[in-house]
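K.L.:
Quick one: this structure, given as structure tokens, is what I'll be asking you about.
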Amino acid sequence: MDVNFRKIDIDQYDEDVLLDSELYEADPRDPAQALNEVKQKAAAVRSSLSKGDIVGALTLVLEDAPYGPNVEEAKNLNLQTLVSILNSTKATEIPGVVKALSTDAQDTLMKYLYKGMALPGWGDVSGSVLLGWHEKLTEVAGTGCIVRAMTDRRIV
């Protein structure tokens, strides 16, 4: 069945239509700059992980995370870096790590957990890790963290 039957964009005639650009400010960085910053963060994260500083590595990835429609490559690299941190963390350390994060970092972590679960193939590879982190994060941060992650328009 062909679902592309509509030839006219009827929303262009509606004065009350909301655009994504009206709902939140786009990431002010250009895509190349955002990608460069994420690459630098990835190197710093590897250094922090080699020292055993999981909280520091997570904080690096979660602060000033790229968001918006024009920085997809940077967002994917940031997700890969985050998943490598999550995979290298022991299950017994997760509650302490989550408690050490700020509320904003916890919310951003929840966004990345949902993004990782939503991507095809990622759930197969890291599904149990992502669900384990989701469980511990919800225990520490409560359901408010889930609501904030779901309602925030700045998609990571």
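K.L.:
For residue 16 paired with residue 122, estimate the spin-label separation in nm (one decimal), with each label point 7 Å from Cα along the Cα-to-Cβ line.
P.N.:
3.5 nm
K.L.:
Moving on to the next point. In whole Hz, with x marking every Gly and Pro, tabulate ³J(HN,Hα) for segment 128-144 from phi via Karplus 6.51 cos²θ - 1.76 cosθ + 1.60, θ = phi - 60°.
P.N.:
5, 5, 4, 5, x, 5, 4, 4, 5, 5, 5, 4, 7, 8, x, 6, x
K.L.:
Another question, if that's okay. So what does the Cα-only Debye profile of segment 49-90 read at q = 0.35 Å⁻¹, as log10 I(q)/I(0), no solvent term?
P.N.:
Normalising to I(0) and taking log10 leaves -1.24.
K.L.:
Can you pull the accessible area of residue 103 for me, 1.4 Å probe, Å² to the nearest 10?
P.N.:
80 Å²
K.L.:
For the chain, what does the relative contact order come out to in percent, with C-alpha contacts under 8 Å and a separation of six or more?
P.N.:
With pairs under 8 Å counted, the relative contact order is 24 percent.
K.L.:
Quick one: the Cα spread of segment 106-151 along its three principal axes, in angstroms, biggest first?
P.N.:
Largest to smallest, the principal-axis extents are 28, 20, 11 Å.
K.L.:
Can you give the longest run of the chain that contains no GluC sites (Glu not before Pro) sitting in a DSSP loop with at most 14 other Cβ atoms inside 10 Å?
P.N.:
On the way: sites that count: 15, 25, 63, 93.
Counting only loop sites that pass the neighbour cut-off, the longest clear stretch is 94-156.
K.L.:
Which Rg and Dmax, in Å, describe the Cα atoms of the chain?
P.N.:
Looking at the chain, its Cα Rg and Dmax stand at 17.7, 57 Å.
K.L.:
Exposed loop sites here are trypsin sites (Lys or Arg not before Pro) in DSSP loop states with at most 13 other C-beta atoms within 10 Å. What is the longest stretch of the chain lacking them? Intermediate results must be reported in sequence, preceding the final value.
P.N.:
Details: sites that count: 6, 7, 90, 153.
It runs 8-89.
K.L.:
So for 150, 110, what's the accessible-area order with a 1.4 Å probe, most first?
P.N.:
So the residues, ranked largest to smallest area, are 150, 110.
K.L.:
Could you give the nm distance between label points at residue 135 and residue 43, where each point is 7 Å from its Cα heading toward the beta carbon?
P.N.:
3.8 nm
K.L.:
Sticking with this structure for a sec: Cut-off under 19 Å on the C-alpha distance; same-chain residues fewer than 8 positions from residue 111 excluded. Which lysines are left, in chain and number order?
P.N.:
Residue 111 reaches 41, 75, 99, 136.
K.L.:
Also, quick follow-up: Give me D for segment 16-81 in µm² s⁻¹, whole number, from Stokes-Einstein with Rh from the Kirkwood sum over alpha-carbon pairs, 20 °C and 1.002 mPa s. All intermediate terms of the calculation are to be shown ahead of the outcome.
P.N.:
Values: Rh = 12.8 Å.
Here the translational diffusion coefficient equals 167 µm²/s.
K.L.:
At 1.4 Å probe radius, can you tell me the per residue accessible area of segment 11-57 in Å²? Display every interim value, and only then the final one.
P.N.:
Details: 3330 Å² over 47 residues.
Value returned for segment 11-57: 71 Å² of accessible area per residue.
K.L.:
Report in % the part of the accessible area of segment 34-78 that belongs to carbon and sulfur, leaving out ligands and nucleic acids; probe 1.4 Å.
P.N.:
On the way: 1080 of 2140 Å².
Taking all protein chains in place, segment 34-78 shows 51 percent carbon and sulfur surface.
The values are calculated or read from the model by the stated rules, or taken from the named source; none is laboratory data. Source: prediction; values computed, not measured. A quick note on method: Cβ atoms are made from the backbone with ideal geometry, for glycine too, and the neighbour counts reach across all protein chains shown. These area figures cover heavy atoms from the full protein model, side chains too; ligands, DNA and RNA do not enter into them. Shrake-Rupley method; radii C 1.70, N 1.55, O 1.52, S 1.80 Å.
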